[in-house]
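*Asks:* Structure provided below as structure tokens; questions to follow.
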Amino acid sequence: MNFELNQDQLAIRNHVSSLLKEVCPPEYAAKCDELQKPPREAFEALAKNGWLGIIGPEEYGGSGGGATELAILLNEVGYHFEELGMWIFRNLAYGCFAVLKHGTKQQIESIVPGVIRGDISFCFGLTEPDSGSDASALKTRAVLNGDHYIINGRKVYTSGMDISDYCLLVTRTSSLEKKQQGITNFLVNTKLDGIEVRKLQTLGQRSIGTTEVLYSDVKVPADMVLGTVDDGWKGADSYLCYERLCLSAARTGAAQSAFDFALDYAKTRHQFGRPIGKFQAISHKFSDMKVMLDISETMIFRYAWLMENNRATRQDAAILKLYTSESYKAISDMCLQVLGGYGYCMEYPMQRFFRDSRLATIGAGTSEIQKNIIAGSLGL
Ligand SMILES: Cc1cc2nc3c(=O)[nH]c(=O)nc-3n(C[C@H](O)[C@H](O)[C@H](O)COP(=O)(O)OP(=O)(O)OC[C@H]3O[C@@H](n4cnc5c(N)ncnc54)[C@H](O)[C@@H]3O)c2cc1C
């Protein structure tokens, strides 16, 4: 296992970093959050420079990178603006990874090049009002009617639905013995008749945010089934494992950003005649945070390596998600404390890290659920 990045991988970090310093400075991220405005200019700049093709095959305009290159990209984007990282992650995880893995040739050719160019955006509709952690208990129903399906149901927390062209929608097509059976995934055009989207107001992740979506007699062509009818849970599970790498990379980037800001503050803010970073109570917080950041980064690249070598398990994904999420939450809390009253003011960026990080231990499987998966893998 080699954690050392090669020259090409280091170049990804450097190029993305200098691009985002220009198109996504801290004031821009703060404004997008405040105005609840998607970071479209920064997204388009990343697309124009080819970064949305990082995992796409060359024949579709991509650069054919693997999980490590993806992790580097998302880590760097997350450092500059987590919500931008979320947008990129959804496109790459669902619009690229999922479609390439489970799509037909026609689906791949009509969608993947558009995702790589930044013309097509994706979101993911799994969670419902009555099925969150118990995700496979979903009820949104798709019924075959000639050459199309009729979809009815309600999804909650479909993040980015209002700025997406397609939703990778998880539905029930049959009631079989086990709830994980009879599930089918669709590539649903978000502008179809019968789709109603309502924005939800949330504590953090306010630039793009999340939505509630009502599907009333939505007619979806049968050739927009992604993967196998009634056997979609395996597909959904594989996207979730991929999602955990993306989220961990982006959020560890955001945690590093909060850390750097607070470190600078601790070196320049004086109380009792010395920089506050000279007080052990403050400096030890930085030691604890540095350990968490180093472990998170090592775990991300270890998991990326496992993915590239087809050795990543659900347990590995759960360990990664649990540790990096809890670390980000703890780091943003400690950094806010380091800034004292300024940490609590909306004019400073720390409150955004604090609000955004709170989702890390809830979204894409709560920390409790990750612990259940880990315990289950130990035979408990
Ligand atoms: C801002 C935001 C964005 C999101 N984006 C998306 C998205 O794009 N697409 C999507 O499909 N979903 C999305 N989600 C949904 C998210 O994945 C769920 O919120 C999450 O899986 C938890 O489900 P729940 O909220 O229904 O909580 P519940 O499942 O009701 O859980 C409530 C509490 O009970 C605990 N709990 C539940 N079951 C167990 C158990 N067996 N053992 C121990 N504890 C348990 C949980 O850990 C939690 O603390 C998003 C959520 C938010 C808030």
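The values are calculated or read from the model by the stated rules, or taken from the named source; none is laboratory data. It should be emphasised that the depicted structure is a prediction, and the values quoted were computed from it without experimental measurement. Note that each Cβ is placed from the backbone with ideal geometry, even for glycine, and that neighbours are counted across all protein chains shown.
*Asks:* Quick check on my filter: what residues within the stretch 44-64 are under 18 Å from SER110 (Cα atoms), buried (at least 20 other Cβ atoms within 10 Å of the Cβ) and touching a residue at least 60 places away in the same chain (Cβ under 8 Å)?
*Replies:* The answer is LEU52, GLY53, GLY56.
*Asks:* Can you give me the number of residues within the stretch 226-241 that are closer than 16 Å to CYS123 by Cα and touching a Leu at 6+ places or on another chain (Cβ under 8 Å)?
*Replies:* Of the residues in that region, 4 qualify.
*Asks:* Could you tell me whether any residue of the stretch 160-176 is more than 8 Å from the ligand (Cβ to nearest atom), farther than 22 Å from GLU243 by Cβ and buried (at least 16 other Cβ atoms within 10 Å of the Cβ)?
*Replies:* Yes, there is a match, as at least one residue in the stretch 160-176 is more than 8 Å from the ligand (Cβ to nearest atom), farther than 22 Å from GLU243 by Cβ and buried (at least 16 other Cβ atoms within 10 Å of the Cβ).
*Asks:* Considering SER327, SER357, SER332, which residue is more than 16 Å from the ligand (Cβ to nearest atom) and modelled with pLDDT of 95 or more?
*Replies:* Going through SER327, SER357, SER332 in turn, just one is more than 16 Å from the ligand (Cβ to nearest atom) and modelled with pLDDT of 95 or more: SER327.
*Asks:* Scan the stretch 231-277 residue by residue and report those that are closer than 30 Å to SER174 by Cα and either free of Cβ contacts under 8 Å to residues at least 12 places away in the same chain or not hydrophobic (A, V, I, L, M, F, W, C) (or both).
*Replies:* Once the filter is applied, which keeps residues that are closer than 30 Å to SER174 by Cα and either free of Cβ contacts under 8 Å to residues at least 12 places away in the same chain or not hydrophobic (A, V, I, L, M, F, W, C) (or both), the stretch 231-277 yields ASP231, GLY232, LYS234, GLY235, ASP237, SER238, TYR239, TYR242, GLU243, ARG244.
*Asks:* Please give the strands (runs of 3 or more DSSP E) falling wholly within the stretch 48-159 in which 3 or more residues are away from the ligand (no atom under 13 Å from the Cβ) and more than 14 Å from the chain's Cα centre (by Cα).
*Replies:* 141-145, 148-156
*Asks:* I would also like to ask the following. Looking at the stretch 240-260 only, could you name the residues that are over 14 Å from GLY78 (Cβ atoms) and surrounded by fewer than 21 Cβ atoms within 10 Å (Cβ to Cβ)?
*Replies:* Scanning the stretch 240-260 gives LEU240, CYS241.
*Asks:* I need the full set of residues from the stretch 336-371 which are assigned to a helix (DSSP H, G or I) and in contact with a Cys (Cβ under 9 Å, 6 or more places away or on another chain), in order please.
*Replies:* GLY343, MET350, GLN351, PHE353, PHE354
*Asks:* Mind counting the residues in the stretch 355-379 that are without any contact (Cβ under 8 Å) to a residue 60 or more places away in the chain and within 24 Å of the chain's Cα centre (by Cα)?
*Replies:* Result for the stretch 355-379: 8.
*Asks:* Let me ask something else about it. Among the residues of the stretch 18-33, count how many are assigned to a helix (DSSP H, G or I) and touching a residue at least 60 places away in the same chain (Cβ under 8 Å).
*Replies:* Result for the stretch 18-33: 6.
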